Amino acid sequence: MRLDYTRQTRWGHDPEPVDEEEFPAGGIYVKQVTWAACNQCDLQVHVALTQFFGGGITCPECGGRLTAPRVLGNPDVAVARIAEVEEILRDSVEPGTPFAAQE
């Protein structure tokens, strides 16, 4: 493993589908993500928070389990709550801010 902390990054899952009517091209989109390091592959593995809570994090290179699922009950409840928070965050981004689409 490199000691300079310049790991490569990869997504730990395929992209989640997005409703094009709800999120048109150039519109505001908020997705919470997290990551874990795979020391075996010297890789930062990024995942959507919904994936993290429901399925944990698995390295896409070696298949090693980096974290276990974080929900002890129904993961659909946690995923729904995360989606609510993402909607609140998306709605709080005002046009003209650095993170908003320019009109």
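Within the stretch 25-48, the set of residues being in a loop (DSSP other than H, G, I, E, B) and of a type in the set (V, I, T) comprises I28, V30. Among the residues examined, V85 does not qualify as under 14 Å from H13 (Cβ atoms), of a type in the set (A, V, I, L, M, F, W, C) and either open to solvent by 50 Å² or more (accessible area, probe 1.4 Å) or modelled with pLDDT of 80 or more (or both). Taken over the stretch 32-60, the criterion of being out of contact with any strand residue (DSSP E or B) (no Cβ under 6 Å at 6 or more places or on another chain) and surrounded by fewer than 15 Cβ atoms within 10 Å (Cβ to Cβ) is satisfied by Q32, N39, Q40, D42. Is one or more of the residues making up the stretch 76-87 in a helix (DSSP H, G or I), in contact with a Lys or Arg (Cβ under 7 Å, 6 or more places away or on another chain) and among the acidic types (D, E)? The answer is yes, given that some residue of the stretch 76-87 is in a helix (DSSP H, G or I), in contact with a Lys or Arg (Cβ under 7 Å, 6 or more places away or on another chain) and among the acidic types (D, E). If the condition is being free of Cβ contacts under 8 Å to residues at least 12 places away in the same chain and farther than 25 Å from G55 by Cβ, then the stretch 21-33 contributes E21, P24, A25.
Against the conditions (1) among the charged types (D, E, K, R); (2) within 20 Å of V93 (Cβ to Cβ); (3) surrounded by fewer than 13 Cβ atoms within 10 Å (Cβ to Cβ); (4) under 14 Å from the mean Cα position of the chain (by Cα), D14 satisfies every one except (2). May I ask you to list the residues in the stretch 54-87 that are within 24 Å of L43 (Cβ to Cβ) and among the polar types (S, T, N, Q)? T58, T67 - these are the residues of the stretch 54-87 that are within 24 Å of L43 (Cβ to Cβ) and among the polar types (S, T, N, Q).
Of the candidates P60, P69, P95, the single residue that is modelled with pLDDT of 85 or more and in a loop (DSSP other than H, G, I, E, B) is P60.
The values are calculated or read from the model by the stated rules, or taken from the named source; none is laboratory data. Given the structure is predicted, the values throughout are model-derived calculations rather than measurements. Here Cβ is always computed from backbone atoms with ideal geometry, including for glycine, and neighbour counts include all displayed protein chains. These accessible areas exclude ligands, DNA and RNA; they are computed on the full protein's heavy atoms, side chains included. Shrake-Rupley method; radii C 1.70, N 1.55, O 1.52, S 1.80 Å.
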